[in-house]
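A quick write-up on the structure given underneath.
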Amino acid sequence: MRELIRAGVDEVGRGCLAGPVVSAAVVLKKGINLKLLKDSKKITFNKREKISQHIKKNSYYAIGIASVDEILDMNILQASLLSMKRAIKRLAIKPDLTLIDGNFAPKGLKNYKTIVNGDEKIKVISAASIVAKVHRDKFMIKLSEKFSNYAWDRNFGYGTKAHFEGLKKFGVTSHHRKSFKPIHKILSN
């Protein structure tokens, strides 16, 4: 009997004020070093980059993205689920069971289980959280080259002091989530 193929899925960037929401779906191969896998938020930036490379070499993985426009159109939860669905669909290998971080799953998905704090509890979800975080961070660093006034190379779109200072001085960009309260407040003034 063949072994059950389990995919882990996690998203990154739900709480950001700018940029897309990014998900990763990962199916680990036998050669992976499981000791490296833990919640991406508990790993330093440089270590996370190295671990992400290790995961990519030792897994099947796919990225799914929902844009700022999609976040505005449907809300952040639905956009997160859309990015997850896209990542799962893009996997080269079809899982028998999909383990999803959190308590919501994309509609139409079969054979899945949602796990609150799954990125801390389940290694394959930890792997997905690392791959998604590194992908999104790199995207925001690249975006920061054009939009240097918001410190996205350091805050990755989260609402830090430097980001708010940039918003006050330079206003809202097309990459900001205009429906999010702090951004909406600035636009309403």
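Brief remarks on what is shown
- Helix 76-90 vs. the chain, principal-axis angle (Cα, 0 to 90°, nearest 10): 40
- The Kirkwood hydrodynamic radius of the chain, based on inverse pair distances between different Cα atoms, is 16.9 Å.
- Among A79, A25, A127, residue whose mean-square fluctuation peaks in a GNM of the chain (springs only between Cα atoms under 10 Å): A79
- Helix-only [θ]222 nm of the chain, DSSP H runs n ≥ 4, -39500 (n - 2.57) each, per residue, nearest 500: -13500 deg cm²/dmol
- Relative contact order of region 1-70, pairs being alpha-carbon contacts under 8 Å that are 6 or more residues apart, as %: 39
- Solvent-accessible area of the chain (1.4 angstrom probe, protein heavy atoms only): carbon and sulfur portion equals 54 percent.
- Solvent-accessible heavy-atom area per residue, rounded to whole Å², over the chain at 1.4 Å: 54
The values are calculated or read from the model by the stated rules, or taken from the named source; none is laboratory data. What you are looking at is a predicted structure, and each value in this text was computed from that prediction instead of being measured. In case anyone asks, the SASA skips ligands and DNA or RNA and just uses the protein heavy atoms, side chains included. Shrake-Rupley method; radii C 1.70, N 1.55, O 1.52, S 1.80 Å.
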